[in-house]
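J.: Have a look at the structure that comes next, please.
The values are calculated or read from the model by the stated rules, or taken from the named source; none is laboratory data. None of the values given here were measured: they were computed from a predicted structure. Methodologically, a virtual Cβ is constructed for each residue, glycine included, from the backbone with ideal geometry; neighbour enumeration extends over all protein chains shown. The accessibility values were calculated without ligands, DNA or RNA, using every heavy atom of the protein model including side chains. Shrake-Rupley method; radii C 1.70, N 1.55, O 1.52, S 1.80 Å.
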Amino acid sequence: MVPLSWYLILAAALFCIGVFGALARRNAVGILMGIELMLNAVNINLVAFWRHIGPDQMTGQLFAIFVITVAAAEAAVGLALIIAIYRQRNTVNVEEIDMMKG
Amino acid sequence: MQQAIFIILALLTLGAALMTVITRNLLRAALWLVATFFGIAAIFILLRAEFLAVAQILVYVGAISTLIIFAIMLSRGIMDPDQVRFNGQWGVVGGFAALLFVVLAVIVTRVPWPAAAGGAPVGDAPADAIARLGAAFVGPYAIPFEVASVLLVVAMIGAIIIARERE
Amino acid sequence: MLSQYAFIGIFAVIAFALPVIGLVLSWLIRPKKSNPAKTTTYECGMETIGDTWVQFKAQYYLYALIFVVFDVEAIFVFPWAVAYNKLGLYALVEMALFIAILLGGLLYAWRKKALEWH
Amino acid sequence: MDYLRNFFVNLARSWTAWIGGFLPDWGVNLVNYLVVGIILVLMPVIATLTLTWMERKVIGRIQNRIGPNRVGPWGIFQAFADAVKMLIKEDIVPSGADKPVFNLAPILIAGAAALLWAVVPFGRGMIGQNLNIGALYVVAVGSITTIAVIMAGWSSNNKFALLGAFRVVAQLLSYEIPMVLSIATVVLVTGTMRMGDIVERQVAPFIVVLPVAFITYLLAAAAETGRAPFDLLEADSEIVAGYFVEYSGLKFGWFYIAEYGNLFAIAAITTTLFLGGWRGPFVSVAPALGPFYFVIKSVAVIFVLMWIRGTWPRFRIDQMLAFAWKVLVPASLANLLWSAIVLQIGRQPEQLGPTIVQMILLLVGNVAILAVTGLLLGRAARRYAAQHGWAGA
């Protein structure tokens, strides 16, 4: 069996990598990817605690699902903001933007 | 056996995560992120949380990664090959992250977790875990459940307003 | 349960190994005479103009956005569907409310023409 | 005779007993996993070799041609000839391509096509693994395809490929939702996500109980596999050949194999979810008949898809995406809710699968949904025709 602390250390390492990505990246999308990594680390923790401490109550998994929901909402809004900001800065090149008409 | 598999999976996941934050090309970084998500799904399987593993792949790989890749492709400047990866303070941040990890690791190994200190989990994962999840959504967690729906719709409406092209 | 996923893991390794084996085999027997003309981008014989990373329409993003919302909805619906035959009327009412809220969002996107292709 | 009656399961038992004689338990498991894995992995290849021939013949007949008839009797070896050609064809990587990603994309897409087969029940007890999450596993594997398409389109360094990839992903995403919702309806009615159990609990094939879910699933599946009339991904006249335009040789071949592997897998899953899987006459006496029924039903589904391809013109992308979001999603949500309502009526404790009364009610609701959808579509079509000045459309 894999002890609980191993999962927690894995999650901690993942979280720290996420922190680094979120704070050190210059690019907004890169920052967002770092945040996603941090959220995933939290999920590993939640599920590891569920498995090791209370597998009968589904609380850990439930929380993980809610975290996934929040992460999806956050990614959707965050990326929309990034696109909007990008468009604001580049409004000059309208012809170029429509170049291939999708 | 399980421990060996865990170590391999953990190293692969962490390696992919590291590549995500240091790869210069953002699209490749997004692909490394996808690899990380798969690794985490495998970790969930190891924890007997099969539904969460499949939800992870469905939402993170299927939806969020696609969203990220679309956003990358929609903003061309991001693809610029000779742009700077990190901001000026990346050295400080790296040191901070490493320190944070050491602190967390020490805390995690020192805390006497109930029953799990020896390693064996209490009891086994219930066989009807998925049905229990479903019952919990409409039972004790009814309010978060509805709030999740509201949150999703609000996020969708907000994002549509923000991202739309104005005529 | 873990033995089931052990199979899935082994199966995944085989599934991704087969294309690799095929590609290696083909690499061994196929001709390799490349020249710059062969490796130009295929564009009906014309020289390609400009960068490949031309910018695309935000419309694609809007579809992905609505997809994400409904995809997350799916991970709530499936456990509910599995548990449903043990649950009472309240399960129906709550899921109906959940779906109604999402349908409201879809209707909004519809009215705001986020589903149209411009 | 008794042995033959449940031939496949008995064969597996004898085999396990035989290798169990000289291998430890874990060795037996490993060998069995490998054998089953290799058989399942070959399914997409087998599908390509047989279905390409079938498709050419069927489409040929529909278009009043003969189809392949040179290589072997009735041209049955045409596919093998094509395979050899792909294997020995020179491989060209366009300059400026992102090589690792470019090479990884066909591997991922072909692997994903094979992975689907892990949860398909060929007969009672004949399933790779009867996972608790089987129905969702199918959807999750599909998301690997999405990523692979993006990888192929982006790494080719070609505008057509990238544009094709964008279109395909928009299409995959839009049609995944109605697909998931119709699967959810089946899961709701059977109360399980295990593919094997879904077949066991399908007293009557769900095509007659849940026709809306069936039609939604089939159309969404046709779109997911890029079949005409949803074949925008390789709309030859518009964007050359879509996201894999730059691929040649066996790398192209793996895309091709993935396409036909997915077609077969989709048909197999349709059979499992809506056509009663391996169920059929005399199966309870002779379970070995199950796989044959299963294959026959799957081929019938494939034939229908080919028929649709041969008959309908291609959709425009705006029509296609609007169809998914404005017709299929509302219809399948209505179907899901109606099923939930019906399942509350007159249910027994510990009930597996719907009762007769429930099935009739489900059918009534489904017919009503179909009728309403048809009426609304007809009205929309007339309005569209009036706006654009077409007479009598």
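J.: Roughly how tilted is helix A:4-24, in degrees to the nearest 10 and between 0 and 90, from the longest Cα axis of chain A?
T.: 20 degrees
J.: Where in chain D are the DSSP H helices whose C-alpha atoms run 15 Å or more along the long axis and whose mean Kyte hydropathy is at least 1.6?
T.: Span-like helices, by this rule, are D:25-41, D:134-155.
J.: If you average over every viewing direction, what projected area does the convex hull of the Cα atoms of the stretch A:4-89 give, in nm²?
T.: Computed as one quarter of the Cα hull surface, the answer is 5.5 nm².
J.: Another question about this same structure. With springs only between Cα atoms under 10 Å apart, run a GNM on chain D and tell me which of D:172, D:377, D:163 wobbles the most.
T.: Between D:172, D:377, D:163, it is D:377 that shows the largest mean-square fluctuation.
J.: A further question follows. Roughly how large is the C-B contact in terms of buried accessible area, totalled over both chains, probe 1.4 Å, nearest 100 Å²?
T.: Using a 1.4 Å probe on protein heavy atoms, the buried area is about 4200 Å².
J.: Could you state how much accessible area is buried at the D-C interface, both sides summed, with a 1.4 Å probe, in Å² to the nearest 100?
T.: Rounded to the nearest hundred, the buried surface is 6700 Å².
J.: Continuing with the same structure: Using only the alpha-carbon atoms, how far is helix C:2-29 inclined from the longest principal axis of chain C? Give it as 0 to 90 degrees, nearest 10.
T.: So the inclination is approximately 20 degrees.
J.: A follow-up question, please. Any idea what the relative contact order of chain D is, in percent, if you count C-alpha pairs under 8 Å spaced at least 6 apart?
T.: Computed value for chain D: 22 percent relative contact order.
J.: Sticking with this structure for a sec: Summarise the partner chain shielding of A:35-44 as one whole number: the mean count of Cβ atoms from other chains within 10 Å of each residue's Cβ.
T.: So the per-residue partner count for this stretch is 5.
J.: Heavy atoms only, probe 1.4 Å: what % of the accessible area of the protein assembly as shown goes to carbon and sulfur, would you let me know?
T.: Exposed carbon and sulfur together represent 70 percent of the surface.
J.: Given a cut-off of 30 Å, name the pairs among D:99/D:326; D:99/D:297; D:159/D:251; C:38/D:85 whose C-alpha atoms lie farther apart than that in the structure shown.
T.: Distance filter (> 30 Å) returns D:99/D:326; D:99/D:297.
J.: Most mobile of D:328, D:162, D:87 per a Gaussian network model of chain D (Cα springs, under 10 Å)?
T.: For chain D, modelled as a Gaussian network with Cα springs under 10 Å, the answer is D:87.
J.: In Å², rounded to the nearest 100, what is the total accessible surface buried by chains B and A against each other with a 1.4 Å probe?
T.: 7200 Å²
J.: Using alpha carbons only, how many degrees (0 to 90, rounded to 10) separate the axis of helix C:89-111 from the longest principal axis of chain C?
T.: 50 degrees
J.: Using the Cα gyration tensor of the protein assembly as shown, with a ≥ b ≥ c the square roots of its eigenvalues, what is the shape: rounded (a/c below 1.5), prolate (a/b larger than b/c) or oblate (neither)?
T.: rounded
J.: If you count only protein heavy atoms with a 1.4 Å probe, what accessible area per residue comes out for the protein assembly as shown, rounded to a whole Å²?
T.: I get 40 Å² per residue for the protein assembly as shown.
J.: Nearest 500 deg cm²/dmol is fine: what mean residue ellipticity at 222 nm does chain D get from its DSSP H runs of n ≥ 4 alone, each adding -39,500 (n - 2.57), divided by its residue count?
T.: After summing the helix terms and dividing by residue count, I get -22500 deg cm²/dmol.
J.: Tell me the relative contact order for the stretch B:1-78 as a rounded percent, counting alpha carbon contacts under 8 Å between residues six or more apart.
T.: Result for the stretch B:1-78 is 28 percent.
J.: Exposed loop sites here are trypsin sites (Lys or Arg not before Pro) in DSSP loop states with at most 10 other C-beta atoms within 10 Å. What is the longest stretch of chain C lacking them?
T.: C:34-118
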